[in-house]
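Each value in this text was obtained by applying a stated rule to the coordinates, not by laboratory testing. Keep in mind that this is a model prediction, so the values were computed, not measured. As a convention, Cβ positions derive from the backbone with ideal geometry for all residues, glycine included, and neighbour counts pool all protein chains shown.
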Amino acid sequence: MLKSVIPDSSELVFMSERNQSLIFAIGSVFPEAHHGHCLWHLKEKVKWHAGNVNKVIVGHRFMELGRYYTVDDFNSAYDSFEKRYPAVYKYVQEHTEKDKWARVFFPRDRYNFDTINSVESMKSVFKEATTWVLIPMLDCIVRKFSDWFTQRKEAVSRSIDTSLVPLVENYLHGLWAVAQKLSVRELNSYELKYEITDTAGKMFWVSLVEKSCTCKVWDYEKFPCLHGLAAYIYFTTNVDGNDLNIHELCSKYYWTELWALAYDRTLCVVPDMSSWNVPDQIKEVKIIPPDRIRGKGRKRVG
């Protein structure tokens, strides 16, 4: 059923808490998609292999490993992790696959998506509804989604004058003042490549054409990093202020236009049963509940 709505694609990413049955099912239905492991759930398993150290700190350090942007930074931190927590390192090496949880080795674009927190939040929202029978539960889910669609439409209407969704718009706005002060040197005027020196004196190379930076934040997050924004400001100020808009440097999924289309449809709740138009062949179907399987052992009394 899900595949009829979401076709198989190499751009699809599924995250789970390493449930083998789910991993097998997804691989069968969506062979082109990639499967990742929830970093939070993996952290909860990993930290219990620590010895006489603070397990909370171990878990925090492991999640940091999963979120590095460059291989060099990851390897440096991973070496330190091995020296500080050898037992945990051994478990991670033997029981996990780095391309399933570490951002730098993940073979697909997953943006900032590394946990299944959104699923856990959904379970919390519908916690009571899951105890109901099927039809009322589905009614509750549809009604809640209808409310969310309405809220998102209102949010879109408030952002109609901007090209980017509020999350990215606010992020870039917060970086703007710092980016303006960074040193920028043009390397290639045809390919729009620039050398950016940050406040600590470290150099980064940016390509506005490839939407890439050697810090790799832009490459993974799909919107300009601090260095990319500095290059954009230099280009619009010194080269051509009308030839390039900031939203063109971001993934289309961050465009307000696409955001509006995502919530364009109206979700209607299920109408009252009296208005249903049920075909005769469906009315004739008799649904019999499955036989109850008795558990082994004595029947409990009281």
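General observations
- Quotient of C-alpha Rg and 2.2 N^0.38 Å, computed over the range 2-105: 1.20
- The base-10 log of I(q)/I(0) for the range 84-215, evaluated at q = 0.15 Å⁻¹, reads -1.08 [Debye formula, identical scatterers on Cα atoms, solvent excluded].
- Here, the range 181-268 is characterised by an Rg to Rh ratio of 1.10, where Rg is the alpha-carbon radius of gyration and Rh the Kirkwood radius.
- When the chymotrypsin sites (Phe, Trp or Tyr not before Pro) in the range 139-219 are filtered for DSSP coil states and for at most 11 other beta-carbon atoms within 10 Å of their beta-carbon, the remaining sites are TYR190.
- Entries of LYS127/LYS283; LYS100/LYS222; LYS3/LYS153; LYS55/LYS100 with Cα pairs more than 28 Å apart: LYS127/LYS283
- Distance between the range 245-290 and the range 39-62 - C-alpha centres, whole angstrom: 40 Å
- Recomputing mean projected area of the Cα convex hull in nm² from the coordinates shown identifies the correct label among (i) 15.3; (ii) 25.6; (iii) 22.9 as (ii).
- Relative contact order (%) - the chain, alpha-carbon pairs under 8 angstrom, separation at least six: 14 percent
- Highest-MSF residue in the chain out of ILE26, ILE116, ILE196 [GNM, Cα springs under 10 Å]: ILE26
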